[in-house]
Amino acid sequence: MSIPKKGTRKILVDGETFIWLIRRQATNCQVDYPDGHIHVAVAHASEPGSVLGVITDKLHSQGFILTPIQTVTPKDVAKWIK
């Protein structure tokens, strides 16, 4: 499986280029439960094929939220890739 190019962002980590994407539409689990976390897909930019799926510690903005929303930054993504 691969990540669609539309909507992706590039990031440079330890000299390697990766692309990453957060799904715009929340899944049913992310919307219906208070612990619906953001999922990030990461793939190597020049060698596509394997995709790293990261379930973050940040809550999805379209979910049943009781706490303030935290954004996912490129610094967060770099930390998860490492």
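Things to note:
- Within the stretch 7-29, considering residues that are out of contact with any strand residue (DSSP E or B) (no Cβ under 7 Å at 6 or more places or on another chain) and at pLDDT below 75, the one surrounded by the most Cβ atoms within 10 Å (Cβ to Cβ): A26
- Identity of the residue in the stretch 30-53, modelled with pLDDT of 75 or more and among the polar types (S, T, N, Q), that ends up nearest to W80 (Cα to Cα): S50
The values are calculated or read from the model by the stated rules, or taken from the named source; none is laboratory data. These numbers come from a predicted model, not from an experiment. All Cβ positions, glycine included, derive from the backbone under ideal geometry; neighbour counts span all protein chains shown.
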